[in-house]
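What follows is a set of notes on a single structure, which appears directly below.
The values are calculated or read from the model by the stated rules, or taken from the named source; none is laboratory data. As the structure is a prediction and not an experimental result, all values here were calculated from the model. Positions of Cβ are backbone-derived with ideal geometry, glycine not excepted, and every protein chain shown enters the neighbour counts.
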Amino acid sequence: MGADEVPLDDKAKRMRELLSSFYSPGPPMSPNSRNISRYASLDDINSTSFDPGQYMNLVAQKSNLEGLLQRHVDLAAEIKNLDTDLQMLVYENYNKFISATDAIKRMKSNISGMEANMEHLLEKILSVQSRSDSVNTSLFEKREHIEKLHLTCNLLRKVQFIYDLPDRLRKCIKSETYADAVRFYNGAMPIFKVYGDTSFQDCRRASEEAISIIVKKLQGKLFSDSESMQARAEAAVLLKQLNFPVSDLKVKLLGKLEQSLADIELKPKETNNASLDPSAFSSVHETTIHEFVEAIRAFQVIFPDSEEQLVILARDLITKHFLITEEYVKKPICAADLLGLLRVIWNDVLQMDEVLQEADLSNYSHEAAKVAIRLFVSSTFSHLLQDVSDSLLKVLKKDGAEYSLEDALDASSKAVLEGSRNMLLDFCKVLDDDLGLLARLRELIVDLVKEGFLDFFRQLEDQFNLLSESNNSSAIQDHSLTQGAQGDKASAGLVLVLAQLSAFIEQTAIEKITVELAVSFSRCGARGHDHGPAFIAGEICQKFRSASEKFLHLYINMRTLRISLLLKKRFTTPNWVKHKEPREVHMFVDLFLQELEFIDNEVKQLFPQGNRKHRGAGSNGSSSSSRSNALREDKLIRSNTQRARSQLLETHLAKLFKQKVEIFSKVEYTQGSVITTIVKLCLKSLQEFVRLQTLNRSGFQQIQLDTQFLRTPLREVVEDEAAMDFLLDEVIVAAAERCLDPIPLEPPILDKLIQSKLAKKT
């Protein structure tokens, strides 16, 4: 095997063995080498148990001549390499051998001079020791005398202190330095116990009298309401140092401590019912809570078994804090006010936690804070609901005549949208605050806000329903048209505002609030909808869409009902069979038009104009109108009863073949659509009231005159003239059907009476 083919580990091992064999007298005998040699094979040349004869026999048996020659060459090369390595090893360590030799020579030359110096030093040490012994011997007696004098001096000083103790205690009583008095007395107690009945009997008696005075002073201080808790605690500690049985005072002291909690409660100053300012808290609160903490620390020292009572007191204090907070959040306060209250409470908790960890006030306050936060969120939504209701109820106030429906819609819309935005800003302030008390409540706040918005809109819908139902019932019960109708008008106007406000919530407010909700809570780092109740915008929109349609129809019904009562009174009061010849348009027409004018003014405040339907060729209204005009002209030229009755028969036959007119269609959120629907319902009611009467000729002509006069002013307010003309024609037809002698007024007379009425109006 060549030298280049030897592994690195084997080569390093061989080098170590060479060094060992070079520097040691015999072969290495380590346990590892013995184990290796025991199990080495016969062909291992490097082992200590190598046998050349066996090795040659083994090689001769395994190899041929060429192999033996090759092995000879390899062994020669290895021997040469080993000689070279050994020579290099000797050269490398030669300098070290020379340096070691030089060092040994220097040490030998230095040591030769040290022996004389050591002997000289030993002589000096022995001389110093002998002189020190002689000095100690000469001063021994004087030292003992000095120590005795020192002990005597200390004893005299103590004796003097004992004699001066009564005067010292009296001075402490005058200066009220009771701590020094207790320290002096306790220092003299060992001497009093030994010599108090003999040598220092008078001093002991005088000292005990002074101490009895101090005990009474400390007891008075302990139970004084004017003293701070720190001073009371110090008095208790001093009494305990005097071996006074303070354990008997435990109940009284705890009672005093409990009474002191009233001074630590949150007591912000009154600020004219304005919002609560955290800086309005009494400046002594921080001082009093610090004194309470110090009192707890003193109680723990004086009464080690009072932990349970102290825990109860601390928790009661935190409970009172949160009860006061809950009372304040019932009022409309902002987030800054709430955070100010919670920050004061949390600071109190942290201070008490340092001395009373057994109370676990952190977790206890977190549970109490959940209730306060829940109440704050619900109260905030309740106040917002109240603001919306207040802005709507102003419509019903008699002294609020200048408060229009438009103002009510504006104020209530702003209350819903701006109020919701302001609430979200307040809630985000609570979420963004780094107060430790709120660290574990952020997810709860997010859930409460989402649930709060759901409940708010549900309650808002219920509130709308209550307002509409109460106003509707009051309007139905009030059948009087002569005494102040302002309340009824305001009630219907409120229902109209509710309809438009519901539409605003469905079309605008819900979408914007949903966006604000997502943006605000995203900025605040709140969790997503998967972890809490989602704000279901689609469901709420559907509810308010239905509510808006319901309120609009309710408004139409309320206004129609009022006019129907007017029409009913008009047609049930006179005796139509004995009706006199018409001389002018009846006054009910003016009342009817006044009601429509008031309705028009209401609707104009809240609804857009809309598209007016004009008469056009091919429309239903056109055919009906042309038919109605022809019918009216035919009726006007009739001159006797027989011709009138035959004309009625022709009219009924024409109804079977005429094109049908669409009377009632879906109500749109426009001025024209709402007024047109009311007019249609009123004319339909007018037709039904006419059908219930039996008329003479004059009664029929009066209805003809009133109906003809209504055509022109109604065209100015309705958007479907064709349907209006058709219904007016139906009224005339119904009157003709119920007339005993249906002969109409001649056109000149009809026009003259109408012009006379118009002239009076101008």
Please identify the pairs in which a residue from segment 293-308 that is of a type in the set (Lys, Arg) has its Cβ atom under 8 Å from the Cβ atom of a residue that is buried (at least 17 other Cβ atoms within 10 Å of the Cβ), counting only partners at least 6 apart or on another chain.
Arg297/Ala233; Arg297/Val355
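Go over the candidates Phe322, Phe303 one by one and state the one that is buried (at least 20 other Cβ atoms within 10 Å of the Cβ) and out of contact with any Asp or Glu (no Cβ under 8 Å at 6 or more places or on another chain). Break it down stepwise before answering.
Details: Phe303 fails: buried (at least 20 other Cβ atoms within 10 Å of the Cβ).
When all the criteria are applied, what remains is Phe322.
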Of the conditions (1) surrounded by 19 or more Cβ atoms within 10 Å (Cβ to Cβ); (2) without any contact (Cβ under 8 Å) to a residue 60 or more places away in the chain, the single one that Glu688 does not satisfy is (1)
Just give me the residues in segment 193-214 being touching a residue at least 24 places away in the same chain (Cβ under 8 Å) and among the small types (Gly, Ala, Ser), in sequence order.
Ala206, Ser207, Ala210
Close pairs from segment 424-440: first assigned to a helix (DSSP H, G or I), partner among the acidic types (Asp, Glu), Cβ under 7 Å, at least 6 apart:
Leu424/Glu516
Among Thr677, Thr651, which is among the hydroxyl-bearing types (Ser, Thr, Tyr), at pLDDT 85 or above and within 20 Å of Ala723 (Cβ to Cβ)?
Thr677
Checking the condition surrounded by fewer than 10 Cβ atoms within 10 Å (Cβ to Cβ), assigned by TED's automatic domain parsing to the domain that holds Lys13, on the phi < 0 side of the Ramachandran plot and not β-branched (Val, Ile, Thr), which residue from Asn57, Asn46, Asn64, Asn93 passes?
Asn64
Selection status of Ser624, among the hydroxyl-bearing types (Ser, Thr, Tyr), buried (at least 17 other Cβ atoms within 10 Å of the Cβ) and either modelled with pLDDT of 90 or more or under 27 Å from Lys760 (Cα atoms) (or both):
no
Among residues of segment 422-456, those that are farther than 19 Å from Ile345 by Cα and among the small types (Gly, Ala, Ser), counted
1
What are the residues in segment 108-138 that are at pLDDT below 80 and either aliphatic (A, V, I, L, M) or not in a helix (DSSP H, G or I) (or both), if any?
Ile111, Met114, Ala116
Hey, could you check segment 498-557 for residues that are touching a Lys or Arg at 6+ places or on another chain (Cβ under 7 Å) and in a helix (DSSP H, G or I) and say which is modelled with the lowest pLDDT?
Glu516
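Okay, residues lined up against (1) touching a His at 6+ places or on another chain (Cβ under 9 Å); (2) of a type in the set (Gly, Ala, Ser); (3) within 29 Å of Ala235 (Cα to Cα); (4) in contact (Cβ under 8 Å) with a residue 12 or more places away in the chain:
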residue	(1), (2), (3), (4)
Lys80	no, no, no, no
Val128	no, no, no, no
Ile146	no, no, no, no
His150	no, no, no, no
Arg157	no, no, no, no
Leu165	no, no, yes, yes
Thr177	no, no, yes, no
Met189	no, no, yes, no
